[in-house]
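Following: one structure in structure tokens, then a few remarks.
The values are calculated or read from the model by the stated rules, or taken from the named source; none is laboratory data. Quick caveat: nothing in here was measured; it's all calculated off a predicted structure. Methodologically, a virtual Cβ is constructed for each residue, glycine included, from the backbone with ideal geometry; neighbour enumeration extends over all protein chains shown. Areas reflect the complete protein model, heavy atoms only, side chains present, ligands, DNA and RNA absent. Shrake-Rupley method; radii C 1.70, N 1.55, O 1.52, S 1.80 Å.
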Amino acid sequence: MKNVLHAKCVICGRTYDAAPNLTNCACGGILDIVYDYDSIKSSLSKADLAARQEYTMWRYRELLPVEAGTELPPLRVGWSPLYQADRLAGQLGIQRLYIKDDGINPTASLKDRASAMAVAKAREAGAEVIACSSTGNAASSL
């Protein structure tokens with residue numbers, strides 16, 4: 001996988017080569033992907049990012065675990081607005097608070113980002129059907 005060093009167990013720290021179907025360690029812990037941020041920095045600058053006109057989650061494609069040629073899902077996901085909530089910040093005793101409005105995503109859910117990524121990765125793997133077990137937002141999003 002592009003820009004990925006390895007997968008690392010969140011419990012025991014064991015590392016594995018990152019592979020699409022490998023999600024758990026031999027100890028039972030889940031595997032977290034460790035990214036090669038030095039490689040990403042060499043190919044993506046703040047100026048490049050600021051100049052982009054892509055106003056979706058794919059604006060940050062180099063930071064995401066998708067290959068360059070992967071066909072992306074067609075629905076617009078991400079780039080949802082942040083609203084400053086001064087009154088609530090004051091009630092909570094903090095200086096600043098922002099609330100993200102994911103209601104503009106296709107199914108009005110923060111799960112749309114994960115679903116878009118899952119669809120992109122499924123396309124990379126050649127899947128024609130995607131399913132999930134959920135009682136709510138994840139299933140409706142997918």
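One table, with the values for the structure above:
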item	result
Members of region 4-57 that are under 24 Å from E124 (Cα atoms), at pLDDT 90 or above and small (G, A, S)	A7
Pick from region 17-49, criterion of a type in the set (G, A, S) and open to solvent by 80 Å² or more (accessible area, probe 1.4 Å), ranking: nearest to the chain's Cα centre (by Cα)	S42
Pairs, first free of Cβ contacts under 8 Å to residues at least 24 places away in the same chain and of a type outside the set (G, A, S) in region 116-142, second surrounded by fewer than 12 Cβ atoms within 10 Å (Cβ to Cβ) and part of a helix (DSSP H, G or I), C-beta under 7 Å, six or more apart	none
Conditions (1) aliphatic (A, V, I, L, M); (2) over 22 Å from E67 (Cβ atoms); (3) under 18 Å from the mean Cα position of the chain (by Cα); number of the one not met by L92	(3)
Selection within region 64-79 - free of Cβ contacts under 8 Å to residues at least 40 places away in the same chain and open to solvent by 50 Å² or more (accessible area, probe 1.4 Å)	G69, P74, R76, W79
L82 vs. criteria over 14 Å from M117 (Cα atoms), in contact with a strand residue (DSSP E or B) (Cβ under 7 Å, 6 or more places away or on another chain) and open to solvent by 50 Å² or more (accessible area, probe 1.4 Å)	yes
Restricting region 110-139 to residues that are among the hydroxyl-bearing types (S, T, Y) and modelled with pLDDT under 90, the residue that is nearest to P20 (Cα to Cα)	S133
Residue in region 95-114 that is farthest from the chain's Cα centre (by Cα), counting only those that are under 12 Å from S141 (Cα atoms) and either of a type in the set (A, V, I, L, M, F, W, C) or open to solvent by 80 Å² or more (accessible area, probe 1.4 Å) (or both)	A108
Subset of region 115-142 [under 16 Å from T70 (Cβ atoms) and surrounded by 11 or more Cβ atoms within 10 Å (Cβ to Cβ)]	S115, A116, M117, A118, V119, A120, K121, A122, R123, E124, A127, I130
